[in-house]
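The values are calculated or read from the model by the stated rules, or taken from the named source; none is laboratory data. The structure displayed is predicted, hence computed values, not measured ones. No Cβ is skipped: glycine too gets one built from the backbone with ideal geometry, and neighbour counts run over all protein chains shown. For accessibility, only protein heavy atoms count, side chains too; no ligands or nucleic acids. Shrake-Rupley method; radii C 1.70, N 1.55, O 1.52, S 1.80 Å.
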Amino acid sequence: MRMTGAGKQLLLQAAGEIGLNLEPHLPQFDQFFDLLTAANESINLTAIRDEEGIVLKHFVDSLTCLTYPGFQDGMSIVDVGTGAGFPGLPLALVRPGIRFDLLDATKKKVDFVDSVIRTLKLQNVNAIWGRSEALSHEIVKRETYDAALTRAVATLQVVAELTLPLVRVGGFVLVQKAGGVESEIEPAQPAIKKLGGRLERVIGLELPIIKDKRNLVVIEKVAPTPPQYPRKAGVPSKNPLS
Ligand code: SAH
């Protein structure tokens, strides 16, 4: 299904509210929308299926990452647990100068992301099927990314272990959270510290138009991650680091 005129207007307006001009990227978002809604009919990619939901809660919500001023062309970024490509794909569309690796443990989701990359002929995006716990111990990937992003994967305490080992010292992790992140911060502090991170800031924001509360938790990578982390696949979520 292609986007309606109203959907395109909504996307332009909402992106405008966070300081982005999406006009030049509209054809790509339209194509992505088409692929997402078509794929969702046969495989369950996302529970959000209505046009306004996809536009605001997937596309624009992903783009709110850019309200953190740390994104620069030339960077290499990993999106851990990207699912159907969020937040990585919308970010890759508006920032072609940044390289994105979109990682997910579920094959059908990676296949979908791959089909979007091929259909839209994206040069700056790569889909990877695998678990963060395994990728983090690959010498060619460990502590190589300038940043890691993640949305809706696990609590802060758990995602710290799934993201920080991939980021170089001096880089950052950006975790997208809904409102009410405060209760997750204190329990995550020991894990963040053990993994070489330091909580830098929490940016509170509202989604344009619907005003849902969101937070961007930014963790700075200040020291190398000790080699024993991350632990084996599944352990970070079963027995969160504390
Ligand atoms: N970020 C997307 C998807 C969230 S669902 C969005 O916000 O819409 C969580 C996704 O994380 C699932 O697709 C799951 O396969 C993936 N995931 C969970 N643990 C993972 C891990 N350790 N490594 C890689 N992917 C993981």
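For this structure, a couple of remarks:
- Backbone geometry of the stretch 38-52 corresponds, through the Karplus equation with coefficients 6.51, -1.76 and 1.60 at θ = phi - 60°, to 3J(HN,Hα) couplings of 5, 5, 5, 6, 9, 10, 7, 8, 7, 6, 7, 10, 7, 4, 4 Hz, x marking Gly and Pro.
- Taking every C-alpha pair closer than 8 Å and separated by at least 6 residues, the mean separation divided by the residue count of the stretch 94-242 gives a relative contact order of 22 percent.
- Signed unit charges on C-beta, dipole axis of the chain, positive-most listed residue 58, 170, 229: 229
- Note on the chain: Kirkwood radius taken over Cα pairs, Stokes-Einstein applied at 4 °C and 1.567 mPa s, translational D equal to 72 µm² s⁻¹.
- The stretch 107-122 - phi-based ³J(HN,Hα) in whole Hz, Karplus 6.51/-1.76/1.60, Gly and Pro as x: 4, 5, 6, 5, 4, 5, 4, 4, 5, 5, 4, 6, 5, 8, 6, 6
- In summary, the lysines within cross-link reach of residue 194, defined as a Cα separation below 23 angstrom excluding same-chain residues under 8 places away, comprise 141, 177, 221, 232, 238.
- Shape class for the stretch 25-65, computed from the alpha carbon gyration tensor (a ≥ b ≥ c): oblate, with a/c not under 1.5 and a/b at or below b/c.
- Fully extending the segment from residue 115 to residue 140, taken as 0.36 nm per residue of separation minus the present Cα-Cα distance, adds 6.5 nm.
- Straight-distance candidates among the aspartates and glutamates for linking to residue 193, with alpha-carbon spacing under 13 Å and chain neighbours fewer than 8 residues away dropped: 161, 220.
- Judged by the gyration tensor of its Cα atoms, with axes a ≥ b ≥ c, the stretch 146-195 is oblate; a/c meets the 1.5 cut and b/c is at least as large as a/b.
- Sequence-separation-based contact order of the stretch 1-153, relative, with Cα cut under 8 Å and 6+ spacing, percent: 22 percent
- For residue 128, the residues whose modelled amide H falls within less than 5 Å of its own, excluding neighbours fewer than 5 places apart on the same chain, are 102, 103, 104.
- Solvent exposure of the stretch 83-235 amounts to 41 Å² per residue of accessible area, where only protein heavy atoms count and the probe is 1.4 Å.
- Extension gain (nm, one decimal) between residue 235 and residue 210, 0.36 nm per residue minus Cα-Cα: 5.3 nm
- Backbone N atoms of the stretch 52-77 closer than 18 Å to the 7 Å Cα→Cβ label point of residue 185 belong to residues 68-69.
- The stretch 135-242: Rg to Rh, with Rh as the Kirkwood radius over Cα pairs: 0.98
- Neighbourhood charge, 12 Å Cβ-Cβ cut-off, centred on residue 177 and excluding it, Lys, Arg +1 and Asp, Glu -1: -1
- Carbon plus sulfur fraction of accessible area for the chain, probe 1.4 Å, in percent: 53 percent
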